[in-house]
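Quick notes on the structure that follows.
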Amino acid sequence: VDAPPGRIAELANEALVAENPENLFVTVVLGILDVNTGALALVNAGHDAPLRRRASGQVDPLESPVDAGGPPLCMMDEFPYGTQYEQLQPGDTLCLITDGVTEAMSPAAAIYGSARLLEVVTQSTATSAQGLIDELRADVADHVAGAEPSDDMTLLVIQWTPPVT
């Protein structure tokens, strides 16, 4: 399908709603990154906002504007998902997580939380995507201290570097 992410989310929503007798829902961040230019098109359907860590170190959540994104898939029939457009700069890093990361529990039943995630990403000295992944995984592991996970914990970190011309 050659369509913007918002339209792809609409098509996925239509297909999932048609075959959803259990009334389940799905949170999704779907993006298309032009690896040559850093142009990013994305839709956020009820998911935690991705974090953008700029090469300068500034971190900002990519919150969906009012005309983009929407509720999780399968929550509303025929929802008009819009597409959010961002421009990455050389060295910018995107950090996407599932809610199992922010909801990870310590043995004392304290959640990891969005504030701690933001703090780790902001304070990170990592210069690569793998370095940030390693720091986040270590911090979550310290927090849960061996406690059994209650949900999946997925972490995706992408650092954009323009091609050499």
Quiz prompt | Surrounding net charge for Gln87, when Lys and Arg each add one and Asp and Glu each subtract one, Cβ distance under 11 Å | solution = -2
Exercise. Would you calculate the separation in nanometres between label points at Leu118 and Val164, each defined as 7 Å from the Cα along the Cα-to-beta-carbon direction?
Key: 3.8
Exercise. Provide Asp77, Asp92, Asp134 ordered by accessible surface of protein heavy atoms (probe 1.4 Å), highest first.
Key: Asp77, Asp134, Asp92
Quiz item: Expressed as a whole number of Å, what is the distance separating the alpha-carbon centroids of region 1-35 and region 45-122?
Solution: 17
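Using per-residue counts of other Cβ atoms within 10 Å, averaged over each peptide, order 27-35, 59-67 from highest down. Walk me through the numbers before you get to the answer.
Working: 27-35: 16.7, 59-67: 13.7.
Sorting 27-35, 59-67 by mean packing, highest first, produces 27-35, 59-67.
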Quiz item: Excluding ligands, DNA and RNA, what is the solvent-accessible area per residue of region 1-57 at a probe of 1.4 Å, expressed in Å²?
Solution: 55
Quiz item: What residues from region 37-68 fall in the zone where the backbone N is under 13 Å from a label point 7 Å along the Cα-to-C-beta line of Asp151?
Solution: 46-49
Self-check item: Local electrostatic count at Pro71 - Lys and Arg +1, Asp and Glu -1, tallied over other residues with Cβ under 13 Å
Solution: -3
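Could you work out the helix-only [θ] at 222 nm for the chain, with each DSSP H run of four or more residues adding -39,500 (n - 2.57) and the total divided by the number of residues, to the nearest 500 deg cm²/dmol?
Working: 4 runs with 44 residues, N = 165.
Calculated from helices alone, the mean residue ellipticity at 222 nm is -8000 deg cm²/dmol.
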Quiz item: How many percent of the accessible area of region 75-152 is carbon or sulfur, using a 1.4 Å probe?
Solution: 54
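Please give the length that would be gained between Arg137 and Tyr85 if that part of the chain were fully extended, namely 0.36 nm times their separation in residues minus their C-alpha to C-alpha distance (nm, one decimal).
Details: separation 52, 0.36 × 52 = 18.72 nm, distance 2.88 nm.
Extra length available between Arg137 and Tyr85 comes to 15.8 nm.
The values are calculated or read from the model by the stated rules, or taken from the named source; none is laboratory data. Here the structure is a predicted model, which means the values were calculated and not measured. Note: ideal-geometry Cβ built from the backbone for every residue, glycine included; neighbour counts use all protein chains shown. SASA here: full protein model, heavy atoms, side chains in, ligands and nucleic acids out. Shrake-Rupley method; radii C 1.70, N 1.55, O 1.52, S 1.80 Å.
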